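Right, one structure below, let's go through it.
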Amino acid sequence: MSLIGRFIDQILPVGSLTIVGPDGKRERHGPGGGKHVTVKLHDRRAALDLFRNPRLRFGELYMDGSLLID
């Protein structure tokens, strides 16, 4: 998931985002200083799909239950 983390660090100007992988590993990204969001990915395929086409797959993964926002 570090590839997604690098992408998030580049595009997130304020706040922080914690990504919880299917294995329970947590990665925190962003500069902080604002809101905090936690996203849980329920399978490895979800991370790859999200990286390939985030605008399309984010909503689809959420509806499928593969991605949970806390």
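The values are calculated or read from the model by the stated rules, or taken from the named source; none is laboratory data. All of these numbers come straight from a predicted model, not from anything done at the bench. All Cβ positions, even for glycine, are placed from backbone atoms using ideal geometry, and neighbour counts span all protein chains on display.
Overview of results
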| item | result |
| --- | --- |
| Selection status of Phe7, without any contact (Cβ under 8 Å) to a residue 12 or more places away in the chain, of a type outside the set (Ser, Thr, Tyr) and touching a helix residue (DSSP H, G or I) at 6+ places or on another chain (Cβ under 8 Å) | no |
| Filtered residues of the stretch 3-23 (kept if loosely packed, with under 15 Cβ neighbours inside 10 Å, part of a helix (DSSP H, G or I) and touching a strand residue (DSSP E or B) at 6+ places or on another chain (Cβ under 7 Å)) | Asp9 |
| Hits in the stretch 24-33 - residues which are part of a loop (DSSP other than H, G, I, E, B) and either at pLDDT below 90 or under 12 Å from Asp70 (Cβ atoms) (or both) | Gly33 |
| Residue identified as without any contact (Cβ under 8 Å) to a residue 12 or more places away in the chain and out of contact with any Asp or Glu (no Cβ under 6 Å at 6 or more places or on another chain) among Arg55, Arg44 | Arg55 |
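Here's the yes/no breakdown for (1) under 15 Å from Ile8 (Cα atoms); (2) in contact with a helix residue (DSSP H, G or I) (Cβ under 7 Å, 6 or more places away or on another chain); (3) not acidic (Asp, Glu):
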{"site": "His29", "(1), (2), (3)": "yes, yes, yes"}
{"site": "Gly33", "(1), (2), (3)": "no, no, yes"}
{"site": "Val39", "(1), (2), (3)": "yes, no, yes"}
{"site": "Ala47", "(1), (2), (3)": "yes, yes, yes"}
{"site": "Pro54", "(1), (2), (3)": "yes, no, yes"}
{"site": "Arg57", "(1), (2), (3)": "no, yes, yes"}
{"site": "Leu61", "(1), (2), (3)": "no, yes, yes"}
{"site": "Asp64", "(1), (2), (3)": "no, no, no"}
{"site": "Leu68", "(1), (2), (3)": "no, no, yes"}
